[in-house]
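The values are calculated or read from the model by the stated rules, or taken from the named source; none is laboratory data. Because the structure is a prediction, the values reported are computed rather than measured. Using ideal geometry, Cβ is built from the backbone for each residue, glycine included, and neighbour counts are taken over all protein chains shown.
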Amino acid sequence: MKVNRTWVRTALPLAVVGAVVLGACSGGSPSGSGSAASAGTGSGLSADLLGAGATFPDPVYQEWIGGFVGTEPGVNITYEPIGSGGGVEQFIAQSTDFGGSDAFMKDDEITAAEQARGCSVLHIPTVFGAVAVAYNLSGVEGLTLNSDTLVKIFLGGITKWNDPAIAALNPGASLPDEDVIVAHRSDGSGTTSIFTTYLDHESADWSSQVGKGKEVSWPVGVGGQGNDGVSAAIAQNDGGIGYVELSYAIENGLSVASMVNADGNAIEPTLESTAAAADGITIPDDLRFNILDVGGDGYPIAGATWILAYTCGYDAAKADALKAFLTWSLENGDSIAESLLYAPIGDSLQARSLANVARINEGG
Amino acid sequence: MLSGAAVLVVLGLMIGSTTLDSLPVFFSQGISFLTGTNWDPGASRTEITGTYQAWVFIYGTLVTSLIAIVIALPVAVGIALFLTEVAGHRLARPLIYMVELLAAVPSVIYGLWGLHFFAPVILKPPANAVSDALGFIPIFAGPVISFNFFFAGVVLAIMIIPIITALVREVFTAVPDTDRQAGFALGATRWEVMRSIVVPRSRPGIIGATMLGLGRALGETIAVALLIGGGTAINFSIFQQGETIAAKIVNTFQESTPEGIDALIALGVTLFAMTIVINVAARLIVRRLGDVSGEAVA
Amino acid sequence: MTTAHMPLRLTTGSGRRRARFSRFMTGVMAVAVLLALIPLLLIIGVTVAKGLPALNWEFLTSTFNHSRREAGGGYLHGLVGTLYMGGLAALMSIPMGIGAAIFLTEFPRHRLSGPVRFFSDVMTGVPSVFVGLFVYTILVRQIGFGTFVGALSLAIIMLPIVVRSSEEVLRLVPGELKRASYALGATQWQTVFGVALPTAAPGLITGSMLAVARALGETAPLVLTALAAQSVVIDFQGGGQTALPLLIFREARGAFEAGQQRAWAGALELMMLVLLLTVLARLVGRQSRYRG
């Protein structure tokens, strides 16, 4: 009967798809094609790791993972960029092996995590990054802003690009009479935390009206998901301005503003100015810190980003793999980080970071 | 049989468990959950410490759905009239097929296409024109942002046109031919027959179909999430960003603290209540008042 | 029902003017049809135009290439997840849905029939994000994210669709066939499985395939239940899982050009899958049609 023909017509495409899938599954390794060196046999580590968190360091983490897995093909690492807020949440909820966040965990978050796991939380700083003030204004290059104007823009006080306050900082520029379209994060974000901590520190107005944190109540602006979403929002709107991690701005061809730092110098966000920002700050034992009051040649809106892990609760294979990955990244990942415009954390902090890595799963 | 009961059980569980989880949030916020505009999740893991006021999202949901209905209803009725009254069988069949194909396209593809093609290339120029010309009227005020109510509403309209068209077509087909013939016999033109006979007789069905389309629009998540912009305050202009309940849930879910998730569940329950009320009302209207030829429609 | 006594309001004016106006309005309606068809062509056209260049063998067979900025890598993990969860969802919902439809047609006067039918209708209108929330609250909090809970949320979405369409098809089985079966001494169940189901089979298959097509395109419930994955996941439960719509959703919002191209290719892949199922479903449905 006719039923036979339709069964064939239904089965055939499904069979084709099935064959493709089976072929790919059995043939390929899970970490995909491309630049991964396939020759490494490593030391035979084998584990599946799941991490999630900040979008801020995502570009560099992904390439670190690619590099590490090339040397240890038995390890499978997934880092899902869902925002620092998500990273911390999933870390506390025990659904990930490690978290990523540009906002170090607050005391109550740490308490909750430690209660859930039964042991301590480790903060492992990995890189420094700059939070660039990116904008989309045709014909205007090399804008300079300070914390004052930035506060006014993000509070909605400055609504046009040719506002006198902006003009005063940029005497040579021809600023158009266009609307300022503010873009901010709609998800819980460490980048937001770095940005708002800076504004909160610099401006009493900002402090009282908005405050700081991974998520704040923005008076004006379009929301974007992740650094990705904010970059897109700026790029798609003429007159757009927002805050994103530097590599996102560069990758998307967005102009970035120079910021006036504590010494009155207008500094462009670059690899060097990011590294300079972190020079000379005192870092407490638990490795949680902010970068504020940056002077000299340092770019004023910078922050560190952390990997979060526990001192217990991993099975041996996972712990070994995680430690190996983080050690490899901290020791070998500098050139990758720099190529993406993230500043490596410097020798003394790196030593302290590695010390924390060694403590992963120390409680078994 | 058990399967039949299973449907009821699943539905009951759905309503029951979500409502239960959301009760603490409702109780702690009171009526301001629905009327306030401050959404500030707290960080507690055991109790409700944040402020959860959902009017911004309810407003966004209603506005985008309204824009969608305003566009989709006349178009759908026009299409249905064309298909039943004007087009012959041979022409109508492929057209019906193609309209239904619109409904088969997944919502994420609508969103991607809307965000990266339809809105910037096709919708933005007229939006800019309207905003420039009529910008003094608050709902058209500029500047035109790349994600806004209008873009989301238009794409939503395209998504719900197939449903409304299909149902309205059924209602029109149910109008007895003898009534049409009577009109023609009296010398009416085709348009007059449509306007005075077919459409008035079908009014309850059209209303029901519209409400079902509205119900679908209210619940649409992904396409809207990609186009609406994630705003946190009420914007009166349709060319500026907003946020809907469904989009808010999907956007903030992964990072929410336990109390935040309970608040999102409360949002979900609110949305569910809105869509249930509209769906049930629609089906009741269609069943009770839509008996044009004695048969229940849809 | 009454034949409404409605005044036949003819437009004023000469016959010719009225006829012209009628033709004008017909033209307006044709425009309405175009307003629906043009977007359809644009969606398919643009997706093909933007997706085809990036839809190559590498895309179909590899997973995430660990670089957001660079082109390359693919959505294999999404395809596997989509098919895996879709298959599981179909297994869970189709038998149960057809079973419920059999119940409704064989026991139409049963106490539960009315409510089951009514609430099935209602359930087709439940927002998919709400279904995701539901599965999250009762299961994910206990057993974590994964393939199974993702599939379960898809199954819940499919169930009412399968019930409704199956019931309609089963109702169309001619009464004579069933009565003939009874006359030959068959029991009710024998009639159901030996006569009604085989006769209705093409329609049932159509309805089920359309439900699957709908489920494969769903994104929102998966965000809340499957979470994410960057490589092929064949675990039944307990880790992340991903699907084509999820990958498209995430990269669509991104600003990296390479990511957007991958999203278009993924969209093309998904669209082909869904349209293929839809077209096949209707072809099957046309094999046999009983008009009541």
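A few points about this structure:
- Against the numbered list (1) within 14 Å of chain B (Cβ to nearest Cβ); (2) touching a residue at least 12 places away in the same chain (Cβ under 8 Å), residue C:73 comes up short only at (1).
- Residue in the stretch C:166-180 that is surrounded by fewer than 24 Cβ atoms within 10 Å (Cβ to Cβ), of a type in the set (Asp, Glu) and free of Cβ contacts under 8 Å to residues at least 60 places away in the same chain present: yes
- Test: residue C:140 is crowded, with 18+ Cβ neighbours inside 10 Å, within 11 Å of chain B (Cβ to nearest Cβ), at pLDDT below 85 and farther than 25 Å from residue B:217 by Cα: yes
- Here residue C:192 fits the description: assigned to a helix (DSSP H, G or I), in contact with an Asp or Glu (Cβ under 9 Å, 6 or more places away or on another chain) and at pLDDT below 85.
- Selected residue (criterion: nearest to residue B:172 (Cα to Cα)) from residues of the stretch B:83-103 that are of a type in the set (A, V, I, L, M, F, W, C) and within 8 Å of chain C (Cβ to nearest Cβ): B:83
- Residue that is farthest from the chain's Cα centre (by Cα) [pool: residues in the stretch A:212-224 that are assigned to a loop (DSSP other than H, G, I, E, B) and of a type outside the set (Val, Ile, Thr)]: A:219
- Here residue A:248 clears all of (1) in a loop (DSSP other than H, G, I, E, B); (2) under 20 Å from residue A:128 (Cα atoms); (3) of a type in the set (Phe, Trp, Tyr) except the condition numbered (1).
- Matching residues, the stretch C:258-274, being out of contact with any Gly (no Cβ under 7 Å at 6 or more places or on another chain) and without any contact (Cβ under 8 Å) to a residue 12 or more places away in the chain: C:272
- Filtering A:208, A:217, A:193 for residues that are within 13 Å of another protein chain (Cβ to nearest Cβ) and surrounded by fewer than 24 Cβ atoms within 10 Å (Cβ to Cβ) leaves a single hit, A:217.
- Selection status of residue B:121, within 13 Å of chain C (Cβ to nearest Cβ), surrounded by fewer than 19 Cβ atoms within 10 Å (Cβ to Cβ), of a type in the set (Val, Ile, Thr) and at negative phi: yes
- Consider the stretch A:239-256 and keep the residues that are closer than 17 Å to residue A:156 by Cα and facing another protein chain (nearest Cβ under 9 Å). The one that is surrounded by the fewest Cβ atoms within 10 Å (Cβ to Cβ) is A:239.
- Taking the criterion of being within 24 Å of residue C:115 (Cβ to Cβ) and among the aliphatic types (A, V, I, L, M), the residues of the stretch C:163-210 that qualify are C:163, C:169, C:170, C:172, C:173, C:192, C:196, C:200, C:204.
- The number of residues in the stretch C:33-70 that are away from chain A (no Cβ under 14 Å) and either touching a helix residue (DSSP H, G or I) at 6+ places or on another chain (Cβ under 7 Å) or under 16 Å from residue B:110 (Cα atoms) (or both) comes to 20.
- Condition check for residue C:116: under 25 Å from residue C:254 (Cα atoms), buried (at least 24 other Cβ atoms within 10 Å of the Cβ), within 9 Å of another protein chain (Cβ to nearest Cβ) and of a type outside the set (Lys, Arg): no
- Residue within the stretch B:192-207 that is modelled with pLDDT of 90 or more, more than 16 Å from residue B:72 (Cα to Cα) and in a loop (DSSP other than H, G, I, E, B) present: no
- Residue in the stretch C:96-105 that is modelled with pLDDT of 90 or more, more than 10 Å from every other protein chain (Cβ to nearest Cβ) and out of contact with any strand residue (DSSP E or B) (no Cβ under 8 Å at 6 or more places or on another chain) present: no
The rows are residues; the columns are (1) surrounded by 24 or more Cβ atoms within 10 Å (Cβ to Cβ); (2) of a type in the set (Phe, Trp, Tyr); (3) within 12 Å of chain B (Cβ to nearest Cβ).
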{"site": "C:131", "(1), (2), (3)": "yes, no, yes"}
{"site": "C:150", "(1), (2), (3)": "yes, no, no"}
{"site": "C:154", "(1), (2), (3)": "yes, no, no"}
{"site": "C:193", "(1), (2), (3)": "no, yes, no"}
{"site": "C:197", "(1), (2), (3)": "no, no, no"}
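- Of the candidates C:227, C:244, the single residue that is facing another protein chain (nearest Cβ under 8 Å), under 22 Å from residue C:147 (Cα atoms), surrounded by 21 or more Cβ atoms within 10 Å (Cβ to Cβ) and in contact (Cβ under 8 Å) with a residue 12 or more places away in the chain is C:227.
Table: residues versus (1) out of contact with any Phe, Trp or Tyr (no Cβ under 6 Å at 6 or more places or on another chain); (2) free of Cβ contacts under 8 Å to residues at least 40 places away in the same chain.
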site: B:148; (1), (2): no, no
site: B:151; (1), (2): yes, no
site: B:156; (1), (2): yes, no
site: B:165; (1), (2): yes, no
site: B:184; (1), (2): yes, yes
site: B:191; (1), (2): yes, yes
site: B:195; (1), (2): yes, yes
site: B:201; (1), (2): yes, no
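- Residue that is nearest to residue A:352 (Cα to Cα), among those in the stretch A:302-331 that are assigned to a loop (DSSP other than H, G, I, E, B) and in contact with a Ser or Thr (Cβ under 9 Å, 6 or more places away or on another chain): A:311
- Just one of the listed residues (B:158, B:109, B:96) is at pLDDT below 90 and in contact with a Leu (Cβ under 9 Å, 6 or more places away or on another chain), and it is B:96.
- Residue that is nearest to the other protein chains (Cβ to nearest Cβ) [pool: residues in the stretch A:67-99 that are among the hydroxyl-bearing types (Ser, Thr, Tyr) and within 21 Å of the chain's Cα centre (by Cα)]: A:78
- The stretch B:35-73 - residue that is in a strand (DSSP E or B) and free of Cβ contacts under 8 Å to residues at least 24 places away in the same chain and, of those, surrounded by the most Cβ atoms within 10 Å (Cβ to Cβ): B:51
- Listed by position, the helices (runs of 4 or more DSSP H) inside the stretch C:58-137 whose residues that are closer than 30 Å to residue C:269 by Cβ number at least 2 are C:76-106, C:128-135.
- Sub-7 Å Cβ pairs linking a first residue in the stretch C:204-217 that is within 11 Å of chain B (Cβ to nearest Cβ) to a second residue that is outside any helix (DSSP H, G or I), at least 6 apart or interchain, are C:217/B:106, ordered by first then second residue.
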